[in-house]
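Colleague: Sending over a structure as structure tokens; questions will come in a sec.
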Amino acid sequence: MLAAKCISKRVWSVPLVPSSAASFATKRSARTTNTNVSISSAGQKQRQQLNRLRTLLSTKTPQHLPLPLTSVSNVNRLQATATITSLDFDAAKRQKEFARMRRQKEARHARVKHLPLFREGSALFRHLGMRTLGDYDNLPTTSFDGVIAVIYSEQDEQEHAEYLREQKVVGVDTEARPDVHPLKGRKGNPVCLIQVSTLERAFLYRLQRGNPLPPVLQELFADPRVLKVGHSLSDDFRQLKASNLVQAVNSTVDTLYIAHKLGCKRPGLKTACQVFLGGSLDKEMQVSDWEAPVLSEAQIKYAATDAWAPMRVLLAMIQLKDTKELLRTKSYNSSAQMVVNEDHEVLFGKLLSFALCHQVPTME
């Protein structure tokens with residue numbers, strides 16, 4: 001009897017839900033059911049669209065999907081803009097590195113400009129006395145002022161072939177784009193420009209990677225009757241050999257060797273011009289992009305001068321009697337062997353005759 005009362009109390013203790021609340025719950029349930037039906041319908045439509053897209057992609061690869069002409073044009077324009085921007089960025093980065101390399105060169109020059117330039121007792125010391133690089137700071141700039149031709153192809157060369165084949169003495173130099181981050185044991189950039197100069201004309205050969213040298217230039221290098229004069233020529237021809245551009249080069253004369261033997265402690269081409277020509281070279285363009293699609297006027301002027309200057313320096317050197325015994329030619333054959341000819345009399349006579357014929361000014 002007591003248990004029945006307890007159960008009765010528990011049952012009646014549960015609160016009754018008002019009829020209005022029950023009605024609200026029924027409406028909310030109905031709305032939820034309708035919403036679920038709508039979501040389910042939308043999901044089915046999306047799945048159907050995705051299935052149609054998958055079917056289309058399975059039959060056509062992305063590269064074959066048609067694009068509107070305006071879209072293709074925009075893509076091409078964006079790609080071209082990105083390429084130009086990338087090239088501009090690379091060029092700007094190289095220019096920044098070149099400027100850094102120039103500052104380093106200037107700093108090295110400044111550290112030694114107060115030191116003696118000639119070895120005591122040497123021919124230059126006897127002739128000019130005690131000198132330093134600082135003594136030549138205020139000299140005027142000397143440069144090539146003749147006609148300059150830039151040669152891109154064999155057809156361009158043919159226009160000057162007859163003139164080149166008539167020459168007996170020429171100046172030679174080469175250029176390559178500086179390696180801004182050289183690594184030990186790694187080859188530097190290949191030669192991209194060869195300069196050949198007479199006293200009146202200069203020819204700048206722009207080289208294309210993988211292409212042989214034009215035929216007249218090959219003849220000129222191989223001809224033992226033509227003197228090829230340069231400064232540090234062994235380095236130039238070593239680079240040409242490494243680039244597989246030459247097989248044989250005969251009758252070369254290196255003014256760097258002679259300047260060193262005459263007693264110059266820092267016998268660079270700029271110093272040689274200061275000492276023997278009384279003029280200084282502008283070397284800023286030495287560190288520049290020689291692979292640029294178009295060379296600047298400053299680069300063209302510099303390149304021509306660098307081939308012309310060693311020839312002028314040599315013709316001034318032979319006016320010192322000590323130079324005669326230092327004259328020699330080097331030849332490099334296809335087997336990479338070097339042949340040295342030290343017939344001083346013949347070489348001196350040839351250079352003296354050339355200087356008199358061209359009325360070269362005497363050394364001061």
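Colleague: Scanning the range 222-257 for residues that are among the acidic types (Asp, Glu) and surrounded by fewer than 22 Cβ atoms within 10 Å (Cβ to Cβ), which turns out nearest to Thr174 (Cα to Cα)?
Modeller: From the range 222-257, those among the acidic types (Asp, Glu) are 223, 235-236, 254; that's our starting set.
Imposing the further condition that a residue be surrounded by fewer than 22 Cβ atoms within 10 Å (Cβ to Cβ) reduces the set to 223, 235.
Values: Asp223: 19, Asp235: 9 Å.
By that ranking, first place goes to Asp235.
Colleague: For Ala202, state whether it is in a strand (DSSP E or B) and either farther than 27 Å from Cys357 by Cβ or small (Gly, Ala, Ser) (or both). Can you show your working first?
Modeller: Values: in a strand (DSSP E or B): yes; either farther than 27 Å from Cys357 by Cβ or small (Gly, Ala, Ser) (or both): yes.
Yes: the conditions hold for Ala202.
Colleague: Restrict the check to the range 305-317 and report whether at least one residue is part of a loop (DSSP other than H, G, I, E, B) and aliphatic (A, V, I, L, M). Steps first, answer last, please.
Modeller: Narrowing the range 305-317 to residues part of a loop (DSSP other than H, G, I, E, B): none.
No, the conditions are met nowhere in the range 305-317.
Colleague: Here is a follow-up. Six or more apart or on different chains, Cβ atoms under 6 Å: show the pairs whose first residue is in the range 129-156 and in contact (Cβ under 8 Å) with a residue 40 or more places away in the chain and within 22 Å of Ser296 (Cα to Cα) and whose second is of a type outside the set (Val, Ile, Thr) and part of a loop (DSSP other than H, G, I, E, B).
Modeller: Matching pairs, first to second residue: Thr141/Asp282; Thr142/Gly279; Gly146/Glu200.
Colleague: Tell me the residue from Asp145, Asp156, Asp173, Asp179 that is charged (D, E, K, R), closer than 21 Å to Leu314 by Cα and under 25 Å from the mean Cα position of the chain (by Cα), please. Spell out how you get there, then give the answer.
Modeller: On the way: Asp145 fails: under 25 Å from the mean Cα position of the chain (by Cα); Asp156 fails: closer than 21 Å to Leu314 by Cα; Asp179 fails: closer than 21 Å to Leu314 by Cα.
Step by step, each of Asp145, Asp156, Asp173, Asp179 is checked, and only Asp173 is charged (D, E, K, R), closer than 21 Å to Leu314 by Cα and under 25 Å from the mean Cα position of the chain (by Cα).
Colleague: Residue check, Leu256 against (1) closer than 24 Å to Lys324 by Cα; (2) touching a residue at least 60 places away in the same chain (Cβ under 8 Å); (3) outside any strand (DSSP E or B), all met but one. Which one?
Modeller: Only one criterion is unmet by Leu256, namely (2).
Colleague: Another question about this same structure. When you go through Thr142, Thr132 one by one, which is the residue that is more than 22 Å from Ile194 (Cα to Cα) and among the hydroxyl-bearing types (Ser, Thr, Tyr)? Steps first, please.
Modeller: Details: Thr142 fails: more than 22 Å from Ile194 (Cα to Cα).
Exactly one residue qualifies, and that residue is Thr132.
Colleague: State yes or no: is Glu157 assigned to a helix (DSSP H, G or I), modelled with pLDDT of 95 or more, acidic (Asp, Glu) and surrounded by 14 or more Cβ atoms within 10 Å (Cβ to Cβ)? Outline the logic, then answer.
Modeller: Working: assigned to a helix (DSSP H, G or I): yes; modelled with pLDDT of 95 or more: yes; acidic (Asp, Glu): yes; surrounded by 14 or more Cβ atoms within 10 Å (Cβ to Cβ): yes.
Yes.
Colleague: Within the range 334-357, does at least one residue satisfy the condition of being within 30 Å of Ala99 (Cβ to Cβ) and touching a helix residue (DSSP H, G or I) at 6+ places or on another chain (Cβ under 8 Å)?
Modeller: no
Colleague: Would you call Glu219 of a type in the set (D, E, K, R), at pLDDT 95 or above, within 23 Å of Ile148 (Cα to Cα) and surrounded by fewer than 20 Cβ atoms within 10 Å (Cβ to Cβ)?
Modeller: On the way: of a type in the set (D, E, K, R): yes; at pLDDT 95 or above: yes; within 23 Å of Ile148 (Cα to Cα): yes; surrounded by fewer than 20 Cβ atoms within 10 Å (Cβ to Cβ): yes.
It is true that Glu219 is of a type in the set (D, E, K, R), at pLDDT 95 or above, within 23 Å of Ile148 (Cα to Cα) and surrounded by fewer than 20 Cβ atoms within 10 Å (Cβ to Cβ).
Colleague: When Tyr332 is evaluated against the numbered criteria (1) surrounded by fewer than 20 Cβ atoms within 10 Å (Cβ to Cβ); (2) among the hydroxyl-bearing types (Ser, Thr, Tyr); (3) in contact (Cβ under 8 Å) with a residue 60 or more places away in the chain; (4) farther than 27 Å from Leu133 by Cβ, which criterion, by number, is the only one it fails?
Modeller: (1)
Colleague: Out of all the residues in the range 275-297, is one or more part of a helix (DSSP H, G or I), among the small types (Gly, Ala, Ser) and more than 21 Å from Arg103 (Cβ to Cβ)?
Modeller: Within the range 275-297, the subset part of a helix (DSSP H, G or I) is 275-277, 284-286, 297.
Now restrict to residues that are among the small types (Gly, Ala, Ser): none.
Checked against the condition, which is being part of a helix (DSSP H, G or I), among the small types (Gly, Ala, Ser) and more than 21 Å from Arg103 (Cβ to Cβ), the range 275-297 yields no hits at all.
Colleague: Before we move on, is Asp254 within 28 Å of the chain's Cα centre (by Cα) and modelled with pLDDT under 95? I'd like the intermediate steps shown before the answer.
Modeller: Values: within 28 Å of the chain's Cα centre (by Cα): yes; modelled with pLDDT under 95: no.
Answer is no for this residue.
Colleague: Looking at Thr305, Thr323 in this structure, which one is farther than 21 Å from Ala202 by Cβ and either β-branched (Val, Ile, Thr) or modelled with pLDDT of 95 or more (or both)?
Modeller: Details: Thr305 fails: farther than 21 Å from Ala202 by Cβ.
Matching residue, one of Thr305, Thr323: Thr323.
Colleague: Another one. Would you confirm whether any residue within the range 288-296 is at pLDDT 95 or above, farther than 30 Å from Gln208 by Cα and touching a helix residue (DSSP H, G or I) at 6+ places or on another chain (Cβ under 9 Å)?
Modeller: Within the range 288-296, not a single residue is at pLDDT 95 or above, farther than 30 Å from Gln208 by Cα and touching a helix residue (DSSP H, G or I) at 6+ places or on another chain (Cβ under 9 Å).
The values are calculated or read from the model by the stated rules, or taken from the named source; none is laboratory data. Not measured: the values here are computed from a predicted model. FYI the Cβ positions are ideal-geometry reconstructions off the backbone, even for glycines, and counts take in every protein chain you see.
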